[in-house]
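To keep things clear, I will list the structure first and then write my remarks on it.
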Ligand SMILES: NC(=O)c1ccc[n+]([C@@H]2O[C@H](COP(=O)([O-])OP(=O)(O)OC[C@H]3O[C@@H](n4cnc5c(N)ncnc54)[C@H](O)[C@@H]3O)[C@@H](O)[C@H]2O)c1
């Protein structure tokens with residue numbers, strides 16, 4: 001009989017832990033702001049004995065957030081926020097070496113994905129941390145018995161914030177949520193520079209295509225889309241943007257890109273990247289007109305931006321061309337390629353955002369959890385922004401870590417800028 005104590009959590013293989021630990025330590029080197037917060041948390045123990053259920057992409061950067069929360073005194077468990085984004089070695093190390101039970105296996109099926117969220121909820125959270133709002137949705141629809149213990153939550157991404165605002169509007173939301181995504185030190189950097197670089201990285205790792213000279217069609221010119229477009233242009237692509245928002249479309253035109261409807265772009269694109277948070281952005285009518293060899297990837301939160309059932313219907317055969325690259329043969333003989341099952345390509349075939357950008361996003365997470373512990377009793381069942389003082393403090397710490405200094409307003413300038421009578 002195996003008498004070893006059973007370790008809570010469900011990971012692919014605990015033997016991967018050593019590799020995961022090295023990866024976590026490497027990321028830590030590039031997360032100076034989180035390191036400072038951890039030092040302060042160790043001293044002050046602001047999260048002492050607070051139960052946290054966290055549903056985030058299980059990466060080496062997330063591991064450093066989880067360790068910071070644990071070091072602040074929290075009692076936490078972690079599950080995946082996406083079936084394809086887990087780094088199995090990191091999940092193993094968290095569970096085995098850092099005492100943080102983790103429920104996540106890369107490539108898990110839908111039933112396992114939701115079973116893992118269920119396991120994280122069994123922890124009876126007082127605070128939830130979510131990325132895409134799947135954990136909160138399960139809690140509020142399937143596990144309503146748990147609501148009475150919850151004092152608040154945080155949400156990491158644009159799509160989750162949209163879902164939670166809709167819940168607050170119709171009265172479904174049962175506790176305050178801080179929208180970490182809305183912090184300037186999150187979306188201005190994580191969505192733009194993090195998603196921008198890592199989306200291209202994911203496409204390159206999956207395909208090894210030369211981007212120079214290709215027509216890259218990017219659907220959505222939001223924070224992520226701007227970043228992806230900037231990096232594709234830098235690699236020599238002819239970038240085309242599709243949009244539904246006239247202001248964003250105008251911005252894309254003035255940034256030097258061609259803007260056109262997807263119906264037109266579909267006929268000429270070589271690579272298509274969706275980053276809208278919307279559904280069926282690439283659909284039946286587009287697949288019908290795409291060129292032979294066209295490649296499609298999604299970097300928006302859910303795998304509904306590319307209508308995969310429609311693609312399946314239109315095709316007569318499907319095979320894996322390379323890892324993370326599925327080849328669909330259309331009935332007229334054209335071959336179309338879908339990357340990473342239409343899931344976030346930067347996490348499916350690459351490693352997600354680099355640590356130095358997640359440093360700021362996760363500093364916002366850690367300080368928002370602390371804020372909830374101190375202030376949730378004064379908050380309504382609404383979605384809140386990150387307090388501006390936290391946002392500014394994080395920007396200041398990040399600049400300090402980079403050795404960058406800035407000017408200070410003189411007393412005369414402060415007076416001038418706060419007065420309406422000056423300047424005449
Ligand atoms: N891959 C990652 O690691 C990562 C990181 C951050 C955010 N995200 C996700 O990426 C998505 C976009 O995030 P964001 O911060 O850029 O959001 P955003 O709101 O700033 O931008 C989305 C843009 O898409 C446009 N859009 C909506 N429907 C469209 C359609 N049918 N065709 C063309 N354009 C359309 C909107 O007008 C908007 O300008 C979200 O799902 C978000 O959760 C992913």
Condition test on residue 22, is it buried (at least 17 other Cβ atoms within 10 Å of the Cβ) and in a helix (DSSP H, G or I)?
no
Could you list, in sequence order, the residues of the range 147-171 that are within 11 Å of the chain's Cα centre (by Cα) and part of a helix (DSSP H, G or I)?
158, 159, 160
All but one of (1) assigned to a strand (DSSP E or B); (2) within 23 Å of residue 344 (Cβ to Cβ); (3) in contact (Cβ under 8 Å) with a residue 60 or more places away in the chain hold for residue 79; state the number of the condition that does not hold.
(3)
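Report yes if residue 84 is surrounded by fewer than 24 Cβ atoms within 10 Å (Cβ to Cβ) and touching a helix residue (DSSP H, G or I) at 6+ places or on another chain (Cβ under 6 Å), otherwise no.
Working: surrounded by fewer than 24 Cβ atoms within 10 Å (Cβ to Cβ): yes; touching a helix residue (DSSP H, G or I) at 6+ places or on another chain (Cβ under 6 Å): yes.
Yes; evaluated as a whole, the condition is true for this residue.
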Working carefully through the options 47, 94, find the one that is touching a helix residue (DSSP H, G or I) at 6+ places or on another chain (Cβ under 9 Å), part of a helix (DSSP H, G or I) and crowded, with 23+ Cβ neighbours inside 10 Å.
94
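Bear in mind these aren't lab numbers, they're just calculated from the coordinates by the rules spelled out. Computed from a predicted model, the values in this text were never measured in an experiment. FYI the Cβ positions are ideal-geometry reconstructions off the backbone, even for glycines, and counts take in every protein chain you see.
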